[in-house]
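Here is the structure we will look at.
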Amino acid sequence: MTTHDPAKMAADMDEFGCTIHLNDDSSPSTFQIIGERACGTNVVRKTIEENTKMFRTEGLGWKHGFPTMVAIPRGLIVVCVFRNAVSWALSMHKRPWHLDPELQKLEFSDFLRSEWRTIVDRPTDFEQLHPEIKADGQPLQFDRHPVTGKMFKNLFDLRRAKTAALMGISNRDCSFAWVQLETLQSAPEAFMEYFRQSLDVPAKRDFFRPVTRHLGSRFNSSVRSRPETPTEMSADDLAFLKANLDLEAEAQLGYSY
């Protein structure tokens, strides 16, 4: 086991939009992506998959939930994906995966302030569901507080808890990476070169293959008519964001508002 330096990790996030910690001297051969919906988990996963010889697994559990794995094996790196909270919130309103249909009807400002109530509306999205469990329409337990079992009071309350859980991967005696979606989006080839060289893993081919397909865009609304998502956040909504997020944690990830 090797220790990590929180100050260096924060500096890495500011400078590179990524920080990487290896728990031993060997290069990882397997990776799993975890991160909240609308954070770009699919594009990060596909970029790594297309440009390294690492094997992708989902064996640690649902990528959008709180970590519940039994163990994290040697040779596996957990890649945690983050996104600026403003663009993330706008995207969550545009594609509110698994959200209760009544809440999908809300205007953006009301959406931000409503209790976060999600359901199992697409059972096939959850490999963990045993065939004997009839879960269609039931509350999505992955979105409940992992200790109290309660619903989160709003979208940013959910983000606050899941961000803490993802950052807590750094305390689980495993190899991990924190990745800003924006860094990969702005310079995917440069990011991939930094990522691959930091891990000392071989490239899959002698050229970079970008991801051009929007893999998370298959959202189908549960209601006939939904309000348009604004292009930017109002001053009141930004103030609400700041009041409900852990701004110190956000700053460690390289985000300020």
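Phe152's amide H: which non-local residues (gap 5+, or another chain) put their own amide H closer than 5 Å, with H modeled 1.01 Å from N in plane and none for Pro or chain starts?
For Phe152, whose amide H was placed from the backbone, the distant partners under 5 Å are Trp116, His145.
Quick one: which residues, 5+ away or cross-chain, put their amide H under 5 Å from the amide H of Phe55? H built at 1.01 Å from N.
Amide H to amide H, under 5 Å and 5 or more residues apart or across chains, Phe55 pairs with Thr30, Phe31.
When the label point is put 7 Å from the Cα of Phe55 along its Cα-to-beta-carbon vector, which residues of the stretch 69-109 have a backbone N closer than 14 Å?
Zone members listed by number: 73-77.
If I take R0 = 45 Å and measure r between the Cβ atoms of Asp14 and Glu102 in this structure, what FRET efficiency does the formula 1/(1 + (r/R0)^6) give, to the nearest 0.05?
My answer for the efficiency is 0.65.
Springs between alpha-carbon pairs under 10 angstrom, Gaussian network model over the chain: which of Pro188, Pro227, Pro131 fluctuates most?
Pro131
For the chain, which span is the longest to avoid every loop-located (per DSSP) member of GluC sites (Glu not before Pro) having at most 14 other Cβ atoms inside 10 Å?
133-227
On full extension of the chain, what length is gained from Ser29 through Gln197, given 0.36 nm per residue of separation minus the C-alpha to C-alpha distance?
So the extension gain works out to 59.1 nm.
Which ³J(HN,Hα) values, rounded to whole Hz and listed in residue order, are derived for the stretch 236-247 from phi using the Karplus coefficients 6.51, -1.76 and 1.60 in 6.51 cos²θ - 1.76 cosθ + 1.60 with θ = phi - 60°, glycine and proline given as x?
Listing the rounded values in order: 5, 5, 5, 5, 5, 4, 5, 6, 10, 8, 8, 5 Hz.
So if each residue of separation counts as 0.36 nm, and I subtract the Cα-Cα distance between Phe126 and Val223, what length gain in nm does that give?
Length gained, Phe126 through Val223: 32.7 nm.
Considering only the chain, what is the antiparallel percent among its DSSP beta bridges, to the nearest 5?
Antiparallel bridges: around 40 percent, rounded to the nearest 5.
Quick one: angle between helix 85-94 and the longest Cα principal axis of the chain, in degrees between 0 and 90, rounded to 10, please.
That helix lies at roughly 50 degrees to the long axis.
Note the angle between two axes, namely the Cα long axis of helix 155-167 and the longest principal axis of the Cα atoms of the chain, as a number of degrees from 0 to 90, rounded to the nearest 10.
20
Given the chain, what count of lysine pairs have C-alpha atoms under 24 Å apart, with each pair 8 or more places apart or on different chains?
Lysine pairs meeting both conditions in the chain amount to 25.
Given contacts defined as C-alpha pairs under 8 Å and at least six residues apart, what's the relative contact order of the stretch 6-211, whole-number percent? Display every interim value, and only then the final one.
Values: 318 pairs, mean separation 67.2, N = 206.
Averaging sequence separation for qualifying contacts and normalising by length gives 33 percent for the stretch 6-211.
When the Karplus curve 6.51 cos²θ - 1.76 cosθ + 1.60 is applied with θ = phi - 60°, which whole-Hz ³J(HN,Hα) does each residue of the stretch 179-187 get, with x for Gly and Pro?
Whole-Hz 3J(HN,Hα) from phi for the stretch 179-187: 10, 7, 4, 4, 5, 5, 5, 6, 8.
Out of these labelled values of Rg and Dmax of the Cα atoms in Å, (1) 18.6, 58; (2) 18.3, 54; (3) 17.5, 54, which was calculated from the coordinates shown here?
Label (2) holds the value from this structure.
Do the sum for the chain: with -39,500 (n - 2.57) for every DSSP H run of n ≥ 4, divided by all residues, what is the mean residue ellipticity at 222 nm, to the nearest 500 deg cm²/dmol?
It comes out at -9500 deg cm²/dmol, rounded to the nearest 500.
Subtract the Cα-Cα distance of Asp173 and Val147 from 0.36 nm times their separation in residues, and report this length gain in nm to one decimal.
Residue separation times 0.36 nm, minus the Cα-Cα distance, leaves 7.2 nm.
Tell me, how many Å apart are the Cα centres for the stretch 83-128 and for the stretch 61-79?
Cα centres, the stretch 83-128 to the stretch 61-79: 23 Å.
Provide Lys94, Lys162, Lys8 in ascending order of the number of other Cβ atoms located within 10 Å of each residue's Cβ, fewest first.
Listed from fewest to most nearby Cβ atoms, that is Lys8, Lys94, Lys162.
Where a number appears in this text, it was derived from the coordinates with a stated rule and is not lab data. Just so it is clear, the structure is predicted and the values come from calculations on it, not from any experiment. Note that we place each Cβ from the backbone using ideal geometry, even for glycine, and neighbour counts take in every protein chain shown.
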